Amino acid sequence: MRFLAEASGLVGQAARDITSSPSLENSAIRSVLLKQVYFTGYEAWKIIMLVALILGTVIVSQVVGLVGGGSGSLTGKVLVWVVFRELGPLLTALIVIARSGTAIAAELGTMKINGELDALELMGIPYERYLILPRIVGVTAAVAVLTAYFVLTAFVGGFLIASVAHHIPYDQFVQGVVSSLGPWEIVVLAIKTVCFGLTIPVVCCHAGLSVGTSATEIPQAATRAVITSLFGIVLLDGLITSIATMLVQA
């Protein structure tokens, strides 16, 4: 309960900082934000593309292996069911946790031990506004863009494999995608993306700020950030999927 209260406090503080002055319009804060977006988003596009292509290829190959070559429509449907609804946002979040989550926790933990957070406060600069806010906003925005990129790459890679290797017609594949992809799927994907994008930086920032005075606590904080983030992402994924399924069936 204490962790949830402190994490909720970070989210609430970030929401207040966005609407107060100076916020993201400040050049120093905006610089930290852009660096976070660059590290979390731009530098991760290669691994995102590789994983998405592999996932799309595996799914198409498995569907064709199970039902045969005349399965263009089913292949498109399965890609929507597996990638768009579940694995796209989940795998993107896992990659961001592995790359950026540990870095955020370790960086903030190091800054706290070195007294940099206290120095910012002495200069009249709230570290929540200068360090926490841009990380929460930057990681959330990067996760949203990377998730969309992951899904599109998996669909394009899946179609190319289906077309070139298995000679599945384009119109059948698109028909399967369109018939399974509706506004509700887009809404669920957006909810998962925002929830995952907020959870990762909040948990990792909290882990970094929880470091005491010993340098040996930094790797422990990074490990704690990863484990807690993974647990939170999986829990949210199952919860959102369950609620969405119940609403559809109601």
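Brief remarks on what is shown
- Residue match in region 187-209 (condition: touching a Phe, Trp or Tyr at 6+ places or on another chain (Cβ under 9 Å), open to solvent by 50 Å² or more (accessible area, probe 1.4 Å) and over 26 Å from Thr223 (Cβ atoms)): no
- Applying the set (1) under 27 Å from Ile48 (Cβ atoms); (2) polar (S, T, N, Q); (3) open to solvent by 30 Å² or more (accessible area, probe 1.4 Å); (4) touching a helix residue (DSSP H, G or I) at 6+ places or on another chain (Cβ under 6 Å) to Ser163 leaves exactly one unmet item: (4).
- Leading residue by the ranking (modelled with the highest pLDDT) among those in region 50-109 that are polar (S, T, N, Q) and in a helix (DSSP H, G or I): Thr92
- Test: residue in region 82-93 that is more than 21 Å from Ala244 (Cβ to Cβ), open to solvent by 10 Å² or more (accessible area, probe 1.4 Å) and among the aromatic types (Phe, Trp, Tyr): no
- Hits in region 118-151 (condition: without any contact (Cβ under 8 Å) to a residue 60 or more places away in the chain, surrounded by fewer than 18 Cβ atoms within 10 Å (Cβ to Cβ) and assigned to a helix (DSSP H, G or I)): Asp118, Ala119, Leu120, Glu121, Leu122, Ala148
- Of all residues making up region 212-242, the number that are more than 19 Å from Leu94 (Cβ to Cβ) and open to solvent by 80 Å² or more (accessible area, probe 1.4 Å): 3
- Residue in region 166-180 that is surrounded by 15 or more Cβ atoms within 10 Å (Cβ to Cβ) and either closer than 25 Å to Ala44 by Cβ or free of Cβ contacts under 8 Å to residues at least 60 places away in the same chain (or both) present: no
- Yes/no for Ala98 being touching a residue at least 24 places away in the same chain (Cβ under 8 Å) and surrounded by fewer than 17 Cβ atoms within 10 Å (Cβ to Cβ): yes
- Residue in region 197-213 that is outside any helix (DSSP H, G or I), farther than 28 Å from Val37 by Cα and among the β-branched types (Val, Ile, Thr) present: yes
The values are calculated or read from the model by the stated rules, or taken from the named source; none is laboratory data. Worth saying up front: this structure is predicted, and the values here are computed from it rather than measured. All Cβ positions, even for glycine, are placed from backbone atoms using ideal geometry, and neighbour counts span all protein chains on display. To get the accessible areas, we keep the full protein, side chains included, count just its heavy atoms, and leave off ligands, DNA and RNA. Shrake-Rupley method; radii C 1.70, N 1.55, O 1.52, S 1.80 Å.
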